[in-house]
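The values are calculated or read from the model by the stated rules, or taken from the named source; none is laboratory data. Since we're looking at a predicted model, the values are computed, not measured. Glycine gets a Cβ as well: all are built from the backbone with ideal geometry, and neighbour counts include every protein chain shown. Only protein heavy atoms, including side chains, enter the accessible area calculation; ligands, DNA and RNA are left aside. Shrake-Rupley method; radii C 1.70, N 1.55, O 1.52, S 1.80 Å.
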Amino acid sequence: IAAKAEIGKGTTYEYFSSKEEMVIKAMIYLVDSMVKRIIAQMENLESFHDKFIMLLDEMEEKAKQRACILKYLNMLSDMNLCQQMHDVLLEDEDAKNASPMRIIQYLLEEGKKEGVIGDCFPQAYLEATMFARVISFVIYMDGDLGINCSDHGEMKQNLYDGLCRELA
């Protein structure tokens, strides 16, 4: 990492206390960049439907990165690393906002504005329901679940329709 940044190894430790902190901050930066890019793209779309489908399109296009994200989540199950991540998040104001849940929250706000999503549900329920639809699509793409769906587009529409029925 130091060689790639064209700095001395010792200099890296002026900015980071450990290799783990360096990796954690790099992951936070990448996630934050992805979240900002996706939300910026969504802001150019008009309807909640188009924004939701765009997110699923993004998930479909980024198959290799999905595997990376799953490895990242698995890495966080290491309690030592999880504690270090927690410490970094407490110190770093920018890191607190670097969460894929910002995309879910943005979509929910847009759905409420458009009247597609009701406001009678607790926020945690809305977030869990939306997140479950996105994860359902990832699982659908990654394996043969015996679902009779002719293409990914049809599945995306089914997930959208189900979400709207449940959260109306």
For region 19-61, what % of the accessible area comes from carbon and sulfur atoms, probe 1.4 Å?
-> 55 percent
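Sorted by accessible area with a 1.4 angstrom probe, largest first, how do F121, F52, F131 fall? Write down the numbers at each step before the final one.
Details: F121 60, F52 0, F131 90 Å².
So, going from the largest accessible area down, we get F131, F121, F52.
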If we count every other residue with Cβ under 15 angstrom of L45's Cβ, Lys/Arg +1 and Asp/Glu -1, where does the sum land?
-> -4
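In what sequence, largest accessible area first, do D151, D57 appear using a 1.4 Å probe? Spell out each step's value before the answer.
Working: D151 75, D57 55 Å².
Per-residue accessible area, sorted high to low, gives D151, D57.
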